[in-house]
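Only one structure is covered here, and it is reproduced in the block below.
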Amino acid sequence: MSTATSQSAAAKPRPKKKQLDPVERVGKFAAIFTAFLTLVPIPIVLLVSISSNWVQGPFAGVTFEWFARAWSRMDQAVFVSLQIMVIVLTIDLIVALPASWFITRYQFPGRSVLRSMTSLPLAIPGIAIGLGLILSFPHLRESGWLLVAGHVLYTIPFLLGTLIPAMDSPRLKDQEVVASSLGMHPFRTFFTVTLPAIRRALFGGILMVVTLSLGEFNVSFFLFTPTAQPMPVFLFDSYLTGRIEQAAAQTIIFLAMVIIPAIFLEKFQKQQVGAA
């Protein structure tokens, strides 16, 4: 009896492995290929940065001297990038918070058009933004404010894109109505009801602005000045004029600056999906 049962069990066909359809195969290949192109250069740059002489090959010797030299020459560019990022983030918050609240709380002619225009800079290449600002306000370039304006135009749509959907939540609007009916001043309502409710979206938008401002090259390349050279432009110049090992070390330091907020942003987005 047990033998027959075992034979019948063995005779049952094994479940076939699920076959990917052509679209899924292409998508899987594209994802792997993209990850390969994105990640492979990083360890190569790291190998170059610790090589004593990359021209002689990867086995010429290991040294960390290039990192010390890199930091001694790039500290000014790091300071400029951080300074620009702080100014841009401050301007973005001052503009985006009230703009998002106004767009989502009031009905007025052209509201949908204005809401669509908030994402218009996303369709404009950074080169076009830089050239447009240079031709329109050439006298502001030497002061460095034209570079700040370019970063603001490039980053503020991303902040608006996270704040507007969060502020447009029907639940949040109901909470504000309840607070108003209890006699709370609109200014106090905004800081005690609205801001706590959108804190996740606000934090995600801030991280996005920080990452984009630190890593933006096209706008920076057209608008920088010799006295205000941000990190992406500095790295470009280093690869053209300096030792490749030192430029690679500077790249690793810069990647650490950009990747840290990017990791926080990725974790934040996963938390958002989980909360939803």
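The values are calculated or read from the model by the stated rules, or taken from the named source; none is laboratory data. Quick caveat, the model's predicted, so the values are computed rather than measured. Cβ atoms come from the backbone with ideal geometry, glycine included; neighbour counts cover every protein chain shown.
Applying the criterion of at least 2 residues that are more than 27 Å from the chain's Cα centre (by Cα), closer than 30 Å to Ser220 by Cα and not charged (D, E, K, R) to the helices (runs of 4 or more DSSP H) found wholly in region 15-122 leaves 65-105. Scanning region 39-56 for residues that are modelled with pLDDT under 80 and exposed (fewer than 11 other Cβ atoms within 10 Å of the Cβ) turns up Val55, Gln56. Total residues in region 134-144 satisfying the condition of being surrounded by 13 or more Cβ atoms within 10 Å (Cβ to Cβ) and either assigned to a helix (DSSP H, G or I) or not assigned by the TED database to the domain that holds Ile84 (or both): the figure is 2. Taken over region 223-239, the criterion of being modelled with pLDDT of 85 or more and outside any loop (DSSP other than H, G, I, E, B) is satisfied by Leu223, Met231, Pro232, Val233, Phe234, Leu235, Phe236, Asp237.
All of Leu131, Leu147, Leu163 fail the test of being in a helix (DSSP H, G or I) and in contact with a strand residue (DSSP E or B) (Cβ under 8 Å, 6 or more places away or on another chain), apart from Leu147. Taken residue by residue, region 22-36 has no member that is modelled with pLDDT of 80 or more, over 24 Å from Pro261 (Cβ atoms), surrounded by 15 or more Cβ atoms within 10 Å (Cβ to Cβ) and of a type in the set (Val, Ile, Thr). Scanning region 175-205 for residues that are assigned to a helix (DSSP H, G or I) and of a type in the set (Gly, Ala, Ser) gives Ala179, Ser180, Ser181, Ala197, Ala201, Gly204, Gly205. Residue pairs whose Cβ atoms lie under 8 Å apart, sitting 6 or more positions apart in sequence or on different chains, and linking a residue in region 69-82 that is among the hydrophobic types (A, V, I, L, M, F, W, C) to a partner that is exposed (fewer than 13 other Cβ atoms within 10 Å of the Cβ), do not occur here.
If only residues of region 106-133 that are touching a residue at least 12 places away in the same chain (Cβ under 8 Å) and not hydrophobic (A, V, I, L, M, F, W, C) are counted, the one that is surrounded by the fewest Cβ atoms within 10 Å (Cβ to Cβ) is Pro125. Residues in region 174-185 that are free of Cβ contacts under 8 Å to residues at least 12 places away in the same chain and either closer than 16 Å to Tyr106 by Cα or under 32 Å from the mean Cα position of the chain (by Cα) (or both): Asp174, Val177, Ser180. Surrounded by fewer than 18 Cβ atoms within 10 Å (Cβ to Cβ), of a type outside the set (Asp, Glu) and in contact with a Phe, Trp or Tyr (Cβ under 8 Å, 6 or more places away or on another chain) - does that describe any residue in region 57-67? Yes: one or more hits.
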